[in-house]
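Take a look at the structure below.
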Amino acid sequence: MKKVSAWLAVIMMALGLGLMAPGAASATPSHCRLAWGSLAKTNQTMSAASVTNVRSGKYYCFDRLVIDLKGKATGYNVRYVPKVVQDGSGLPIKLRGRAFLQVTVHAPSYDSATGKATFVPGNRSEVVNVSTYKTFRQVAWAGSFEGRTTLGLGVRARLPFRVFTLAGPGNGSRLVIDVAHQW
């Protein structure tokens, strides 16, 4: 009888904590309800850093774009635009997706002292492969001009996003853009 009482107590506790409640999962897990917004995120500070790499990652609630820099990441301008344009010429960049983020880092993709390139994408139309991502549709190179580097990010829809910088590794830093999978 004591074993049955003990098991009933464990089951009741589990039900009380929601651990065994059937149908408790929702279409939108509460931890994915992000309050980022979709308005422009900017920091107008210029940087002495230079772009060295662009990469991406898939996460449960969002897709991530990371721009690696040699030096401290400071300035950026990330905003939804009707079309992303090339630096210098203003010519439009073709992007897949129903919404477009223009990502401008206030850092060149070349060494400002020597003029030597610090990052050259292998494919300007597909800087990173995002073909299996939930939100991202395409990352394209828009150029590096007058101390700024711009990328076009085609996304599934106008969704909330956040922008932040991280120090490291070493003396480098990273500019991070996360775009939520849903509102």
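The values are calculated or read from the model by the stated rules, or taken from the named source; none is laboratory data. Only a predicted model underlies this, so the values are computations on that prediction, with no experimental measurement involved. Ideal geometry is used to build each Cβ from the backbone, glycine not excepted, and the neighbour counts take in all protein chains shown. Surface areas here come from the heavy atoms of the whole protein model, side chains and all, with no ligands, DNA or RNA. Shrake-Rupley method; radii C 1.70, N 1.55, O 1.52, S 1.80 Å.
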Quiz item: Is there a residue being touching an Asp or Glu at 6+ places or on another chain (Cβ under 6 Å), open to solvent by 20 Å² or more (accessible area, probe 1.4 Å) and in contact (Cβ under 8 Å) with a residue 60 or more places away in the chain anywhere in region 71-91?
Solution: no
Practice problem: Go through (1) open to solvent by 30 Å² or more (accessible area, probe 1.4 Å); (2) in contact with a Cys (Cβ under 7 Å, 6 or more places away or on another chain) and name the single condition Cys61 misses. | Solution: (1)
Self-check item: Residue count, region 96-115 (criterion: of a type outside the set (Ser, Thr, Tyr) and open to solvent by 30 Å² or more (accessible area, probe 1.4 Å))
Solution: 8
Quiz prompt | Scope region 107-150; condition of a type in the set (Phe, Trp, Tyr) and in contact (Cβ under 8 Å) with a residue 60 or more places away in the chain; matching residues | solution = Tyr110, Phe119, Tyr133, Phe136
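Within region 14-32, is even one residue within 20 Å of Asp178 (Cα to Cα) and at pLDDT 80 or above?
As a first pass, look at region 14-32 and keep what is within 20 Å of Asp178 (Cα to Cα): 28-32.
Keeping just the survivors that are at pLDDT 80 or above gives 32.
Yes, region 14-32 contains a residue that is within 20 Å of Asp178 (Cα to Cα) and at pLDDT 80 or above.
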Quiz item: Is region 117-132 home to any residue that is of a type in the set (Gly, Ala, Ser) and either on the phi > 0 side of the Ramachandran plot or crowded, with 16+ Cβ neighbours inside 10 Å (or both)?
Solution: no
Self-check item: Whichever residue in region 28-55 is among the polar types (S, T, N, Q) and more than 16 Å from Thr149 (Cβ to Cβ) and, among such residues, is most open to solvent (accessible area, probe 1.4 Å)
Solution: Ser30
